[in-house]
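What follows is a short report on a single structure.
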Amino acid sequence: MSGATGTAAKTERLLNLVLVLLYTRRPLSKAQIRALVPQYGETASTESFDRMFERDKDELRALGVPLATEEIDLFHEDEPGYRIHQRDYALPDLEFEPDELAVLGLASRSWAQASMAGPAAQALRKLRAAGVERDEGALIGIEPRLRTTEPAFEAVKDAVLSRTPITFTYRRPERRESQTRRVQPWSLVQWHGRWYLVAHDLDREATRVFRLSRVDGAVRKAGRAGSFEVPADHEARIMVERSAPHGEARRARLLVRPGAAHSLRRRASTTAEVDSGWSELGIDFHDVDGFAAEIAGHADHVRVLEPAELLERVQTQLRATLAAHEAGA
């Protein structure tokens, strides 16, 4: 099996595991998980499944997925069960739409090439057939989007898992110029549907939070694997929440094709039909990078009229998406 094929198989397996553990209302035993996730059922023995499952649990937790271990019931005290609580991984801000739930962010940003038509759909069919009590709010229908994952994600994820120092250029929102950063990557955190890197900045001798969508260009190794230790008292999610911008809202004017971009239509404060048959929407936003990524996901169904900064960021996102798809092809 080639490296690319192996990576695709692993990421699809992890996505299937997340879907299964989000779907269930009650914790699942390891035996149930093996039966429900197609790739686990293909393992040669219980021992090989156990090793694969332990690695997958560690990797999901390293990526910030709140995989919980719980008692199954009073009669199985010696056997733990597993699930992902939607309340712990969902977006807490009520102004967000259901299609921005964390499972969508996880699937669209990190594993967008995994196919819901294959083993993932098979896993969900098995859950229904097995009579597993489902969490109705965990897997709300997903609106198809163009893949606009941050180009830096894979390299940063690998560096976090292998504890390898990296360097990259980074664009802060209040500055036009990018700056070179050398860091020890500690953790990847998904918060409000965005990916953040918490790292120790080697030049500034301080811990910093970096949004992956603001990384410009390639991420390069700047040291050996395993060359640093992550502090035991490190609280990545708290740092990300404290670093989030809370500026004043800005207004965007968008043109939307008929019958498209329903998530944007629901959030619009003003809507007007124009002569071309498109709709003109007025939407308030705080985060230009995050909003640009969302708009770019709708491809040519949405056009930005203003502000100019938002249009520029959307164009940057689409160019990065095109480059990523050409590289994959």
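The values are calculated or read from the model by the stated rules, or taken from the named source; none is laboratory data. All values derive from a computational prediction rather than experimental measurement. Positions of Cβ are generated from backbone atoms using ideal geometry, with glycine treated the same way; all protein chains shown enter the neighbour counts. Side chains included, ligands, DNA and RNA excluded: accessible areas come from the protein's heavy atoms. Shrake-Rupley method; radii C 1.70, N 1.55, O 1.52, S 1.80 Å.
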- line: Distance in nm between Arg242 and Thr180 label points, each 7 Å along Cα→Cβ, equals 3.0
Calculated from backbone phi, Karplus (6.51, -1.76, 1.60) coupling profile of the stretch 297-310 in Hz, x at Gly/Pro: x, 8, 6, 7, 7, 10, 10, 8, 8, 6, x, 5, 5, 5
- prompt: Using only Cα atoms, what is the ratio of the radius of gyration of the stretch 260-329 to 2.2 N^0.38 Å?
  reply: 1.18
query: By per-residue mean of other Cβ atoms within 10 Å, what is the highest-first order of 293-303, 36-46?
result: 293-303, 36-46
statement: The ³J(HN,Hα) series, computed from each phi in the stretch 257-266 with the Karplus coefficients 6.51, -1.76 and 1.60 at θ = phi - 60°, rounded to the nearest Hz and given as x for glycine or proline, is 5, x, x, 10, 6, 5, 5, 6, 4, 5
query: Around Gln315, what is the net charge, scoring Lys/Arg as +1 and Asp/Glu as -1 over all other residues with Cβ under 15 Å from its Cβ?
result: -3
query: What accessible area per residue, rounded to a whole number of Å², is obtained for the stretch 212-256 using a probe radius of 1.4 Å?
result: 66
statement: In nanometres, the difference between 0.36 nm per residue of separation and the alpha-carbon distance of Arg265 and Thr69 is 66.7 nm
- prompt: How many nm is it between the label spots at Gln315 and Asp203, if each spot is 7 Å from the Cα in line with the beta carbon?
  reply: 2.8
- prompt: Carbon-plus-sulfur fraction of the accessible area of the stretch 207-266, 1.4 Å probe, in percent?
  reply: 47
- request: Give me the distance between the Cα centres of the stretch 264-311 and the stretch 203-252, rounded to whole Å.
  value: 28
